[in-house]
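Here is the structure we will look at, set down as structure tokens.
The values are calculated or read from the model by the stated rules, or taken from the named source; none is laboratory data. Keep in mind the model is a prediction, meaning the values are calculated, not measured. Cβ placement follows ideal geometry from the backbone for every residue including glycine, while neighbour counts extend to all protein chains displayed. To get the accessible areas, we keep the full protein, side chains included, count just its heavy atoms, and leave off ligands, DNA and RNA. Shrake-Rupley method; radii C 1.70, N 1.55, O 1.52, S 1.80 Å.
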Amino acid sequence: MTIAPAFAGTPDDHYLLTAGMVQKLKAANKSLAQADLPEDTPAQEKEDDKYRVKGELPVERFILSIERRPQARALVLKHGFTPKDYGLATYAMLDAVMHLTYEKMGSKDDVAKQYAKLTKEQQANVALLRKLGPAAYSSN
């Protein structure tokens, strides 16, 4: 199994998380999940599909999805994020969590190879989440 940072070379690959930001992000995600926000329209989803890379939505489109939904934007702002920072932090954390998950499944050599491919910021994010532990970033 090979994992790679989502969209290598994108701004989220160089976004540095902090412990406080991880805490705010978890709170924002909880609020968004509880808000029962309206889904994107089929037309919006079809438009987003044009931008997907290997099934994944680029961070820029994710940010746009927050910006175009007033309730989501208000909740993100309430938690101290701009839509852009929320999107970048979300994707940066997802990359780090994916690597931590891979550490449990992959061979030591494969994990080391994948880790070496991460940007310095991604490596710092992995170290931060490893230090904070799963409770800091899990949805439970």
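Just wondering, is there one or more residues in region 75-83 that are at pLDDT below 95 and within 16 Å of the chain's Cα centre (by Cα)? So far as region 75-83 goes, no, none of its residues is at pLDDT below 95 and within 16 Å of the chain's Cα centre (by Cα). Only one entry of Ala89, Ala127, Ala135, Ala116 meets the criterion of being free of Cβ contacts under 8 Å to residues at least 40 places away in the same chain, of a type outside the set (Asp, Glu) and closer than 16 Å to Leu16 by Cα, and that entry is Ala127. Condition test on Ala28, is it open to solvent by less than 30 Å² (accessible area, probe 1.4 Å), touching a His at 6+ places or on another chain (Cβ under 8 Å), in a helix (DSSP H, G or I) and within 23 Å of Ala136 (Cα to Cα)? Yes; evaluated as a whole, the condition is true for this residue. In region 58-72, the residues that are touching a residue at least 24 places away in the same chain (Cβ under 8 Å) form Cβ pairs under 8 Å with partners that are open to solvent by 90 Å² or more (accessible area, probe 1.4 Å) and of a type in the set (D, E, K, R), at six or more places apart or across chains, as follows: Pro58/Arg52; Ile63/Lys84.
Residues checked against (1) in contact with a Cys (Cβ under 7 Å, 6 or more places away or on another chain); (2) assigned to a helix (DSSP H, G or I); (3) open to solvent by less than 80 Å² (accessible area, probe 1.4 Å):
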site: Ala74; (1), (2), (3): no, yes, yes
site: Gly80; (1), (2), (3): no, no, yes
site: Gly87; (1), (2), (3): no, yes, yes
site: Val97; (1), (2), (3): no, yes, yes
site: Tyr102; (1), (2), (3): no, yes, yes
site: Asp109; (1), (2), (3): no, yes, no
site: Leu129; (1), (2), (3): no, yes, yes
site: Ser139; (1), (2), (3): no, no, no
